[in-house]
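The values are calculated or read from the model by the stated rules, or taken from the named source; none is laboratory data. Since the structure is predicted, the reported quantities are computational estimates derived from the model, not experimental observations. Reconstructed Cβ throughout: ideal geometry from the backbone, glycine too, with neighbour counts over all protein chains shown.
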Amino acid sequence: MARQYARFDNATIGSGLVATDGGLVITTTLNSTSRSRMARSTFSLDGVGYGAEFVFWGDATSLLASVGLVLAATGLNAEVGVAAGSVGWRLDSGEIRLSGTVVTSGLSPVGKGQIVGVQFVESPGFAYSVRFSVDGTNVAEITLPSKQWHFAVSLASATAGQLSAAVNAGQWPARGAAAAAGWQAALAPVLTQFYADRHWLSATTDNPANTRYEGAIVDEGLEELQRVGFWPWADAVSPRPTGGQVRIHDPDGRLIGLDASQASVLVKTVDRDGTLASATTVSRFMVDTIEVLDDGYVRLRLRDPHDALDEPLNAAVFLPYVPALAWKAQPVVIGACASVPLLAANSDGSVGFLADSALGHVDLVMDRGDPLESGTWSLTSDGQQLFLDSPPLGPVLADVTTIAGSSMTPATLSQTLHRIFSRVGFAAWSKTDTDAIDTATGYAGVGVYIGSEARSARQVRDQVLGWYCASTWQSATGVMRTVRLIAPEAVAAVSELQAAQLDSDLVWAYDQAPNLSRRMGYRPNAQTMGSADFVTDVVDVPMSRRAELMQAFRGVVYSAVALHARYDAADRRDPVPSGFWRREDAQAEIDRVCGLYAVERRFYTWTGRLTTGLPAIGDVVTVYYPAYGMDAGRKLLVVALQPNRATGRVMIRFWGA
Amino acid sequence: MLLCHSMPAVTGAGFSTSLAGGGYLGATQDGLYDGIPARVARVQWATTAGTTASWVALTLTFTVASTIRVVGLLGVTLPVGTQVLAKLVNGATVLGTVSQRLRALPPGEATGAWLVFPTAIAGATGLQMLIYNDVNGVASIAANTVFEVGELVAMSATDLRLQADWGIEPVDPSEADLTRDSQASVVDREPYRRFEGNLSAGSFDEVYSGGLAGQDWSSLQAAIAADRRCVAIPRWTADGVTVDHDKVAATAVYGRGTIGRFVHQGGDIFTATLAVQESPARSL
C-alpha cells in the first residue's frame, strides 16, 4: 500500500491563504496582518511519534506566522493557538498559546529559512505532549489530551503573496526528530498467523505459550534461494539476494486478504518436541505476492525484507525560495567526487549549491575548466554552498569530498555504506564485513555523486559494492552481509562436504566471465564537460586536461596480469566503471580481479540433503568428489544456496578452479 | 464389522475435575474435535495429583441429542495403562459408561483407547471422557502435568457384514532416496494404515431402504463422504454381542472412508467396496 503523507488542502483552508504545489506550500493572498486564518493537514493523527516540519520564506519584513495543532472542529478563520481547541506558537513573538491562553513566552523569535518542528512525544502521566523545535533543537513541550489533531499554520503578510510556508510530513529527509516519523496515514496492522509443515504447539514455557502453528504448509515445504553475483559474471550483483516461496493450504482464505506490503515472515526450524525458545531462526522475508492457486491453496512469494533500501537516496528538493532551483532534487555527494556541478542559486551565479549535506573539503573549483585561484571562492558555513567573488561564466565544476580534511580524502567502503544506509534509515547491515574488506584491501576509498536522476539506496549500494567486486546476502536473522569474490584456494576452508552426502552427480560448467575486462575507469566525473564548455586558453587548461574532464572518468588503469586463454576477450572489453579516487586503488583492484582469472574458473552445482552443517554464502568449503581431480578435495566458494527448510534438500552452487 | 459414522456437531469442549485447577492451555481445546488427530489440544492436570480415584474430564457438548455407540480417545501423551472412562450424558442424566485403560494403538504406537458401548445410546447431548490418576493401579500422574490429546471421537455405529478378504495395509509415505554411497536419505512422513474390504451380499433393503436398523449402504455412503470422518472396526466381537476391546483396539482405523459403487450380483443382491484411509495420531 502506498504511503500517504499529510499536506495542506484548499478545501480546508481559511480565507486569505491558498495551498499550491500539491498542498505542500501555502501562501498569503490578502493584504492583511491579521493571522485569523489557518491551513490544516488533510488528515489527523493521535499518537506518539508523529510530527512534521515547516519552513517559511518570502519578502515580508516580519514573520507573521503561527504553527501548531488544531482539532477538526476548530474553525478555519482563526489563528492557530488563539482559537479554542488548538495549540500554537507565534513565531515572531515567541509565545505559545493553548486555546487562547499564553502558556509559554519568551522564546527566541524564529527567522525565515529556519525549520520549525511539531511532534507528539511521550509525557509521563499524560496522553502525550506536543514538542516544538527549531532546526532540530527543542524549545517547548505542552501536554495535550488524546484526540485527533491536525497540524496547522497561520500566515499573514502586509502585501499578499509575500509570505509562504512549506510542510515536510516525511516525504523529504527530516531536519530533526519531528519529521523523522512523519505525519503519515496509519497502516492497518497485520494479524500474526502461525504456520508449520506439521501441526505444532509452542511449549508452555515459550513466549507466546501454547500457540498453535497450523500444519498447513504443503509437502514441498519452503523453498528459498540466496545468491550473490559479481561483475565479471553474466548475472551481476543481484538486486534481491534472497527469495523464497511456500504453498499453504488455506481453505478459509485467511491469507488472501492479507496486506502483503505489511506482512513480514519469520522462519524457524524446531524439533517436534522442542520449544520456540530453542528454535533456530533460518530466514526472514517480506511477502512479495500472494497467489491464489485454487479454492484450497495459496502460494506466498517471499523476498528479502530490506524495504528501506528501495527509498530514493536523493529525496530532498530545493524549495521555491531558491527560484532558480525550485523543486529540483538536491544532489547527493558521498566521499570524494570529481567535477561536481555548481547549481547556481542567485541571478549571477556567484552563489551555488553543491550537495545536500555538509562537505568536508573542496579541493578545486573550475570555471570553464580553468581552476579558480584560492581566495576567490569560499565554502559557506553550512558546507553546502560556494560563494564566488566574481560571477562565473559557467559551467562551474568542483572536486569535493564529504570527509573533512585538507585534501581530497575518499570515503572507505564502510563509511560510504554507512552514509547511504543512514539516509534511508536502514540499520540491519553488518559493518564487520565491510570493515574487513577495507582492512584486507587497504584502499583509500570511493566517491558517489547523484544528480537529478532518482536512485534508490539499493541501486547505489549495488553500484558501490560492484567497485569492490563484492555482493550482499542475507543472514538467518535478516542482517545484510557482504562478501567479496576471492580465490577460494588461497584461504582456509571452514567446512567440508563429502561425496556420500550427494543425492545426484556433481555437475560443473565453465565460468565464461563475459563481463571481465582488463581496464578499470577511476575517479568518475560527476558532470562531463563538452568541448565548447572550455576557456580558450590552452596553457591553463591543456589538451590532456580537457580530455580528462570530457571523459566519463578522469583516468583508466590497465591490468597486465596473465589471464587464462579462455578470458582473452577481456582485452577488448570496455573499461569497468569504478568510483575509486586514487589510481593505485583502481590498479590494485583490477589486478586482483584479473588475477582471479589467471586460472580457468568453473561453477559447480551440488545437490544433497543436509540437516546440519549447511554452509553460508561466502564460505570456502572443501568439496570431495571421485572425479575431476577432486578425490583429495577442492576448496570452493559458496555463491548460491537453494535450501528447502522442510525436507532438508539443498542445491549449492560453488565457484572455484 | 462396525462402521462408525455421523459424529455430531460439537458446540464446544469443556473441562472439569474431581480435584481443583487444571484446564486447557492456550485455548487449544478445538483440537479435540477437529477431525485431525495430529492437531492436538494441550491439557493441564489439576493442581494436586490426587489418588487413583481422582480424575480430570474432557467434555464435548453436542448441538443436538445424538446416538453414540463408539468413543475414541486418540493421541494422548499419558502413560499406557491410564484408566479412562467414557460417559454419555443428557444434561445431568448419565446414559451409559464404558471404561478402558490406555494402550499403544497401531500404526505408530500412539497411546489411546477405543471404547465401544454394548448397545447404542440414544439421546446423548454430551460426552465426558474421565481420565483417572490410575496408571495400572498407581497414582503416578504428578500435579500440573501437561499432556496433549489428539482427538476425542464419538460416533454411532452400524454393523455391516464383510467378505472374508478384507485387509489393513500399512503405508509409509516417507520419501527415501539413495545417496551415491547407497545410504538412505529419508524425508520422514507419518505412517498410516489403509483398510480395504468388500461388503458382502446385501439385500435391497440393506442397500437402499434402511434395512440396517434405519441405516443402509446408501445413507452410510453419504454419512462418511466429504470432510466427515468414520471408523472401520472389522473385528470387534467373538460372538456378535459381547464387545472385545482387544480386538477393537487392534483393528480400528479412524479416518476418511469411501463406500464404492454398489455392484449388482443378481436378483436383488449387491456388493460394494469399503475403504478407509487413516488419519494417524502422532507416533512416538
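Structure above, values below:
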item	result
Flag for B:Ser218 being in a helix (DSSP H, G or I), away from chain A (no Cβ under 14 Å), among the polar types (S, T, N, Q) and within 16 Å of B:Thr271 (Cβ to Cβ)	yes
Filter pass, B:Phe204 being more than 14 Å from every other protein chain (Cβ to nearest Cβ), in contact (Cβ under 8 Å) with a residue 40 or more places away in the chain and farther than 19 Å from B:His5 by Cβ	yes
Subset of region A:493-521 that is small (Gly, Ala, Ser) and in contact with a strand residue (DSSP E or B) (Cβ under 7 Å, 6 or more places away or on another chain) - its residue that is modelled with the lowest pLDDT	A:Ser504
Residue within region A:484-494 that is closer than 19 Å to A:Ala588 by Cβ and in contact with a Lys or Arg (Cβ under 7 Å, 6 or more places away or on another chain) present	no
Filtered residue count, region A:119-153, keeping only those that are outside any strand (DSSP E or B) and acidic (Asp, Glu)	2
From B:Ala65, B:Ala46, B:Ala13, B:Ala38, residue being touching a Gly at 6+ places or on another chain (Cβ under 8 Å) and either part of a strand (DSSP E or B) or β-branched (Val, Ile, Thr) (or both)	B:Ala65
Wholly enclosed strands (runs of 3 or more DSSP E) of region A:1-111 bearing at least 1 residues under 25 Å from A:Pro173 (Cα atoms)	A:8-13, A:17-20, A:25-28, A:39-41, A:51-57, A:64-71, A:86-90
Test for A:Ser44: is it among the small types (Gly, Ala, Ser), in contact (Cβ under 8 Å) with a residue 24 or more places away in the chain and surrounded by fewer than 21 Cβ atoms within 10 Å (Cβ to Cβ)	yes
Any hit, region B:238-249, residues being modelled with pLDDT under 95, of a type in the set (S, T, N, Q), closer than 29 Å to B:Pro118 by Cα and surrounded by 16 or more Cβ atoms within 10 Å (Cβ to Cβ)	no
Listing of strands (runs of 3 or more DSSP E) fully contained in region A:215-269 that carry 3 or more residues being out of contact with any Leu (no Cβ under 7 Å at 6 or more places or on another chain) and crowded, with 18+ Cβ neighbours inside 10 Å	A:217-227
Region A:414-442: number of residues that are in contact (Cβ under 8 Å) with a residue 60 or more places away in the chain and touching an Asp or Glu at 6+ places or on another chain (Cβ under 7 Å)	1
Count of residues meeting criterion [facing another protein chain (nearest Cβ under 9 Å) and under 25 Å from the mean Cα position of the chain (by Cα)] in region B:174-197	2
Condition check for A:Arg40: within 23 Å of A:Ala185 (Cβ to Cβ) and among the basic types (Lys, Arg)	yes
Some residue of region B:82-101 being within 14 Å of chain A (Cβ to nearest Cβ), assigned to a strand (DSSP E or B) and under 15 Å from the mean Cα position of the chain (by Cα)	no
Matching option when the condition is in contact (Cβ under 8 Å) with a residue 12 or more places away in the chain and crowded, with 24+ Cβ neighbours inside 10 Å, among A:Ser15, A:Ser66, A:Ser34	A:Ser66
Count - residues of region A:304-341 that are buried (at least 23 other Cβ atoms within 10 Å of the Cβ) and in a strand (DSSP E or B)	9
Count of residues meeting criterion [surrounded by 17 or more Cβ atoms within 10 Å (Cβ to Cβ) and farther than 28 Å from A:Asp59 by Cβ] in region A:122-139	4
Test: A:Gly229 is free of Cβ contacts under 8 Å to residues at least 60 places away in the same chain and of a type outside the set (S, T, N, Q)	no
Selection from region A:180-199 of residues that are under 14 Å from A:Val267 (Cα atoms) and either part of a strand (DSSP E or B) or aliphatic (A, V, I, L, M) (or both)	A:Tyr195, A:Ala196
Only one of A:Ser390, A:Ser378, A:Ser374 that is of a type in the set (Gly, Ala, Ser) and within 32 Å of the chain's Cα centre (by Cα)	A:Ser378
Qualifying residue in region B:33-41 (condition: closer than 24 Å to B:Tyr192 by Cβ and more than 14 Å from chain A (Cβ to nearest Cβ))	yes
Residue identified as more than 14 Å from chain A (Cβ to nearest Cβ) and touching a strand residue (DSSP E or B) at 6+ places or on another chain (Cβ under 7 Å) among B:Val149, B:Val171, B:Val138	B:Val171
Matching residues, region A:342-395, being part of a loop (DSSP other than H, G, I, E, B), over 29 Å from A:Trp172 (Cα atoms) and among the aliphatic types (A, V, I, L, M)	A:Leu372, A:Leu393
Verdict on A:Gly253 being within 14 Å of chain B (Cβ to nearest Cβ), small (Gly, Ala, Ser) and out of contact with any helix residue (DSSP H, G or I) (no Cβ under 9 Å at 6 or more places or on another chain)	no
Output for region A:484-517, where each listed residue is of a type in the set (Gly, Ala, Ser), away from chain B (no Cβ under 14 Å) and assigned to a loop (DSSP other than H, G, I, E, B)	A:Ala487, A:Ala492, A:Ala493, A:Ala513, A:Ser517
Test: residue in region B:6-13 that is within 14 Å of chain A (Cβ to nearest Cβ), buried (at least 20 other Cβ atoms within 10 Å of the Cβ) and among the small types (Gly, Ala, Ser)	no
Unique residue being away from chain B (no Cβ under 14 Å), in contact (Cβ under 8 Å) with a residue 40 or more places away in the chain and not in a strand (DSSP E or B) when the list is A:Arg545, A:Arg481	A:Arg545
So A:Ala196, is it within 30 Å of A:Asp259 (Cβ to Cβ) and either in contact with an Asp or Glu (Cβ under 6 Å, 6 or more places away or on another chain) or within 14 Å of another protein chain (Cβ to nearest Cβ) (or both)	yes
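Yes/no per residue for (1) crowded, with 24+ Cβ neighbours inside 10 Å; (2) under 18 Å from A:Leu71 (Cα atoms); (3) free of Cβ contacts under 8 Å to residues at least 24 places away in the same chain:
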site: A:Gly106; (1), (2), (3): no, no, yes
site: A:Phe120; (1), (2), (3): yes, yes, no
site: A:Ser146; (1), (2), (3): no, yes, no
site: A:Ser157; (1), (2), (3): yes, no, no
site: A:Leu163; (1), (2), (3): yes, no, no
